[in-house]
Amino acid sequence: MLLVALMLAPAMSAASTLIFGSAEVTGKTGRGLQFDFSGGRCDDWGFSDWRDAEGVLVAREELRYRGDEWLQYRLERVNVGQSISVSRDGELIEVDIREPRKQRRVRLHVEGEVYAGPTLITRIQEALPELRRGRVVELQYLVAEQAMIIGLRATSTASGAGGHTNVRIEASSALLRPFVPTTWVRFDARGDFLGMQGRLLPQVERAAGLDGVIRIDSPVRAASLNAPNTSISMKSSCNTPSVS
């Protein structure tokens with residue numbers, strides 16, 4: 001139910017920064033499948049790409065920002081033919097879901113801040129000082145493919161070796177917790193995102209969630225974006241955003 005989508009693009013504050021990572025499915029469905037992903041943020045636009053072991057694009061998400069606020073969010077699962085577009089205007093969120101055999105559009109009226117896709121981890125990063133002092137952070141999250149908003153709570157567990165902090169994210173409502181996968185997110189002592197365990201963005205069948213582990217490689221700064229082993233040109237991507 002809960003899609004804690006991609007957790008990499010927000011983990012960097014600098015514009016024109018690219019990050020790479022890998023993921024492995026550890027749950028019952030699709031166990032052993034592996035994915036590579038890359039993403040970043042270019043001023044008011046962010047993106048992430050997920051590719052299978054053959055390098056084929058299977059999922060992509062994009063965000064349009066105004067400062068720290070997201071205005072538009074798009075999720076595409078290419079291999080299952082699912083496309084979700086979300087736009088926000090004040091207290092109104094519109095969700096357009098398109099799938100091979102159906103299409104629906106939903107309007108949601110909300111109060112307060114609502115997080116979507118990678119912006120969830122941005123919020124958790126900002127709250128790390130509070131979490132490390134033992135505070136509970138409550139927030140609202142948009143489950144785009146379900147066109148619904150749920151409450152989440154984040155708590156910090158004991159720090160691991162090297163000052164690493166593990167954050168548990170679960171449904172605020174005890175009634176919903178059995179239906180919302182718990183997510184564990186890990187940060188280093190400086191607050192940089194290291195990885196997570198929980199629901200992954202790709203699917204092999206529509207509505208069949210994949211649970212696994214994400215590991216983040218070292219971010220590639222702007223000066224290195226044209227290196228031969230860089231699979232995505234940040235400059236090109238920044239000039240051709242496709243969120244509409």
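The values are calculated or read from the model by the stated rules, or taken from the named source; none is laboratory data. All values derive from a computational prediction rather than experimental measurement. Backbone-built Cβ (ideal geometry, glycine too); neighbour counts: all protein chains shown.
Take the conditions touching a helix residue (DSSP H, G or I) at 6+ places or on another chain (Cβ under 7 Å), in contact (Cβ under 8 Å) with a residue 60 or more places away in the chain and closer than 26 Å to GLY81 by Cα and apply them to TYR141. Does it pass?
yes
Which of the residues belonging to the range 168-190 are more than 15 Å from the chain's Cα centre (by Cα) and aliphatic (A, V, I, L, M)?
Answer for the range 168-190, where residues must be more than 15 Å from the chain's Cα centre (by Cα) and aliphatic (A, V, I, L, M): ALA171, ALA174, LEU175, LEU176, VAL180, ALA189.
So, in the range 53-77, of the ones that are acidic (Asp, Glu) and free of Cβ contacts under 8 Å to residues at least 60 places away in the same chain, which residue ends up nearest to TYR115 (Cα to Cα)?
GLU69
Against the definition (assigned to a helix (DSSP H, G or I), crowded, with 20+ Cβ neighbours inside 10 Å and touching a strand residue (DSSP E or B) at 6+ places or on another chain (Cβ under 8 Å)), how does ILE214 come out, yes or no?
no
Condition test on ALA174, is it more than 25 Å from SER83 (Cα to Cα), modelled with pLDDT of 90 or more and part of a loop (DSSP other than H, G, I, E, B)?
Considered against the rule, which asks whether it is more than 25 Å from SER83 (Cα to Cα), modelled with pLDDT of 90 or more and part of a loop (DSSP other than H, G, I, E, B), ALA174 comes out as yes.
Scan the range 26-33 and tell me whether some residue there is assigned to a strand (DSSP E or B) and of a type in the set (D, E, K, R).
Narrowing the range 26-33 to residues assigned to a strand (DSSP E or B): none.
There is no residue in the range 26-33 that is assigned to a strand (DSSP E or B) and of a type in the set (D, E, K, R).
Quick one: in the range 72-127, of everything that is within 30 Å of THR165 (Cβ to Cβ) and among the small types (Gly, Ala, Ser), which residue is surrounded by the most Cβ atoms within 10 Å (Cβ to Cβ)?
GLY117
Would you please list the contacts, defined by Cβ atoms under 7 Å and residues six or more apart or on different chains, that run from a residue in the range 22-38 that is over 15 Å from GLN197 (Cβ atoms) to a residue that is aromatic (Phe, Trp, Tyr)?
PHE37/TRP50; SER38/PHE20
Within the range 188-198, can one find any residue that is at pLDDT 95 or above and part of a loop (DSSP other than H, G, I, E, B)?
Checked the range 188-198: no residue is at pLDDT 95 or above and part of a loop (DSSP other than H, G, I, E, B).
Given the condition touching an Asp or Glu at 6+ places or on another chain (Cβ under 7 Å) and farther than 20 Å from ARG98 by Cα, answer yes or no: does some residue in the range 66-74 qualify?
Yes.
Among the residues of the range 76-84, is there at least one that is modelled with pLDDT of 95 or more, touching a Ser or Thr at 6+ places or on another chain (Cβ under 9 Å) and under 18 Å from ASP44 (Cβ atoms)?
Checked against the condition, which is being modelled with pLDDT of 95 or more, touching a Ser or Thr at 6+ places or on another chain (Cβ under 9 Å) and under 18 Å from ASP44 (Cβ atoms), the range 76-84 yields no hits at all.
Filtering the range 128-146 down to residues that are outside any strand (DSSP E or B) and within 16 Å of the chain's Cα centre (by Cα), which residue is surrounded by the most Cβ atoms within 10 Å (Cβ to Cβ)?
Residue satisfying both the conditions and the ranking: ALA144.
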